[in-house]
Every structure is written in structure tokens, then in C-alpha cells.
Amino acid sequence: MIDIRRLEKSFGALRVLQGIDLRIRPGQVTALVGPNAAGKTTLIKCVVGLVVPDAGEIRIDGVPIRGAWAYREKIGYMAQVARFPENLTVAEVLRLVKDLRESPAKNEALLLGLFGLHAFLGRPLRGLSGGTRQKVNLVLAMMCDPEILILDEPTVGLDPLASRRQKDRILEERARGKTVVLASHAMGEIEELSDRVVFLLEGRVYFDGTPAELRARTGEATLERAIARLLERDGR
């Protein structure tokens, strides 16, 4: 369980998070949706400890995370854009992350095979395509079998086969009782994968419920149209 209470964050005069209250439950895929600059990535970075909130509290399994670090062992985080030293090979990056995490990478071989990365292990990152780098990013997030998966735009740049395999993997992790947080602008992906949709706008939660509840509230047949309707009602 990730319990977020009255979370606030500003960067200078810009208020990015304005009193976020949210509970993210295990065994579900929770999708964070909203327009650009809604606060999705900042919220994620607060949970993983990359941004310190100005006010409010985040608890994971009942324990406050402020000033803590051990809780991060429970999290597999896939950033929207991962940055690693460009001269390192794929194998070296994998080894680096395993050494930092100090936990067994029990899913490494399976994921490397799933995304066809064995042939790239000896290649430096600077020579990889965007899609291949994204696959490496996915392996890094999932290889240590974390209890919580936080994935920011996980299928961007992937070919159709890799995208399908990644979605299947997310559903498998949910079936195993994992907590999955997914931020994406791909509404078809959200509709296919998510149990709950959290719609953020200007740093606030405007909707928190199931995709079916959101469609019913807006009277729209698809999630994409339902989100667009919410934005229209806000005068955008």
C-alpha cells in the first residue's frame, strides 16, 4: 500500500502538487493520467525519493518514507527517460544496478530473452536505438522482482511485439499481487491495463476510480473520450 496524504510541492512560484490525497493498493494497476504539467512525474519522483515534497506525507506499508532509504529496495522504477553513462555496455549497466541494489536479479535472464537483448549485452548504450534503450530500462526496473513497479511511459518507442510482451508482463505482475503504478498518455494502453484511473490536473486529483466509472460519469464510450470530456469541462 502506498498512502499519500496532503502532498504539496512547488518549484519556485510554480505549485506542481496541491494537496494530493491518494491510496495505491497492491494487486492493482493504478494509472496516473492527465495533461502535460499535471504533476504526474513529480508525484512519482516524490514516491521514489528523487523529489522531496514541501508538505504532506507518503507511507509505504504504513511506514513514512521521509528520511528513509531502505524502502526503495521494494521499488522497481522506470523513468520516462533513463540516463546512464553512454560508454557503458548493456551488461555493465545491468551489473552496476545489481551492485547498487544488492539484491538478486532473479528475472534478468527471463527478461533479456523476452525483449531480445542478449545480442546487445556487449554494445555500449550510445550505439543503441531509442527502442532498445527502452527495453534495457524495462529490464532494469523489473529484474530484481520488486514488490512495487512504477513505470513512467513504459511502452513509448517499443515495437509492437515488445509492447505486447511488456503489457503481458505488467498483467502477470498484477496477478502476483504486485503494486503497479503506470503513467502514460496512451489511453488505449491505460484502458487495457488499469484497474483504477487517477486523473490529475494542475496538481490536484480530479477523479479516482475505475475506467468504467469514469466512462459512466462522462457518458463517453472510451477512456480517451472520457478524459477529453473532463478537460473540456474544465474549460480547456
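The numbers here are math on the coordinates, done by the rules we state, and not lab data. These numbers were taken from a predicted model, which means no experiment stands behind them. Cβ placement follows ideal geometry from the backbone for every residue including glycine, while neighbour counts extend to all protein chains displayed.
Odds and ends about this structure:
- Qualifying positions in segment 69-82 - in a loop (DSSP other than H, G, I, E, B), touching a strand residue (DSSP E or B) at 6+ places or on another chain (Cβ under 9 Å) and surrounded by 12 or more Cβ atoms within 10 Å (Cβ to Cβ): 79, 80
- Residue selected from segment 83-124 under the condition within 21 Å of the chain's Cα centre (by Cα) and among the aromatic types (Phe, Trp, Tyr), by the criterion surrounded by the fewest Cβ atoms within 10 Å (Cβ to Cβ): 84
- Checklist (1) touching a residue at least 12 places away in the same chain (Cβ under 8 Å); (2) closer than 22 Å to residue 1 by Cβ; (3) among the acidic types (Asp, Glu); (4) surrounded by fewer than 20 Cβ atoms within 10 Å (Cβ to Cβ) applied to residue 152, failing item: (4)
- Any hit, segment 141-161, residues being of a type in the set (Ser, Thr, Tyr), closer than 16 Å to residue 89 by Cα and touching a helix residue (DSSP H, G or I) at 6+ places or on another chain (Cβ under 8 Å): no
To keep it simple, each residue is scored yes or no on (1) under 25 Å from residue 96 (Cα atoms); (2) among the charged types (D, E, K, R).
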position: 154; (1), (2): yes, no
position: 159; (1), (2): no, yes
position: 183; (1), (2): no, no
position: 188; (1), (2): no, no
position: 191; (1), (2): no, yes
position: 200; (1), (2): no, no
position: 215; (1), (2): no, yes
position: 232; (1), (2): no, yes
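- Of all residues in segment 9-25, those satisfying the criterion of being of a type outside the set (Gly, Ala, Ser), out of contact with any helix residue (DSSP H, G or I) (no Cβ under 9 Å at 6 or more places or on another chain) and touching a residue at least 60 places away in the same chain (Cβ under 8 Å) are 15, 18, 21, 25.
- Residue in segment 157-169 that is touching a residue at least 24 places away in the same chain (Cβ under 8 Å), under 12 Å from residue 29 (Cβ atoms) and polar (S, T, N, Q) present: no
- Given (1) farther than 25 Å from residue 39 by Cα; (2) charged (D, E, K, R); (3) part of a helix (DSSP H, G or I), index of the condition residue 106 fails: (3)
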